[in-house]
Amino acid sequence: RSLVAYKVVAVLYDDGGNRRLFSIFDGVTEYRLGIPMTNHSNGFFVYEDPLHAVKARVPPTSALKDCKRALLRVLASGKGYRRG
């Protein structure tokens, strides 16, 4: 079963001016449009509502908490759980 969901990511630019999308939390995990993410041991935080994704609390220790952000519409599948 799949779920259309939303994720906020950090936007950075490489030396060539190419936009790259990273995890705000760890600053290392890179998201590439159209490329499925697999085998991420901690899972991914996504939200069913885009407004909830945008307003989600970012931990103060997050690596890229002060970077420019983008909202992605993603297709989530596999094991998951719901909070709240």
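The values are calculated or read from the model by the stated rules, or taken from the named source; none is laboratory data. Model, not experiment: these values are computed from the prediction. With ligands, DNA and RNA removed, areas are computed over all heavy atoms of the protein, side chains included. Shrake-Rupley method; radii C 1.70, N 1.55, O 1.52, S 1.80 Å.
How large is ³J(HN,Hα), in whole Hz, for each residue of the range 44-53 in order, when computed from phi with the Karplus curve 6.51 cos²θ - 1.76 cosθ + 1.60 and θ = phi - 60°, using x for Gly and Pro?
Couplings: 9, 8, 9, 10, 6, 10, x, 5, 5, 4 Hz.
Calculate, for the chain, the solvent-accessible area per residue in square angstrom, rolling a 1.4 angstrom probe over the heavy atoms of the protein chains.
Details: 6770 Å² over 84 residues.
The answer is 81 Å² per residue.
Using Rg and Dmax of the Cα atoms in Å as the read-out, say which of (1) 12.9, 42; (2) 14.4, 40; (3) 14.5, 48 was calculated from these coordinates.
Evaluating Rg and Dmax of the Cα atoms in Å on these atoms matches (1).
Please list the non-local residues whose amide H lies under 5 Å from the amide H of C67, H modeled 1.01 Å from N, same-chain partners needing a gap of 5 or more.
none
Using amide H atoms built 1.01 Å from N in the peptide plane, name the residues 5+ places from L72, or on other chains, whose amide H lies under 5 Å from its own.
Amide H neighbours of L72, under 5 Å, 5+ apart: K7, V8, V9.
Under the rule of at least 5 residues apart or a separate chain, name every residue whose amide H is placed under 5 Å from the amide H of Y31.
Answer set, sorted by chain and number: L21, F22, S23.
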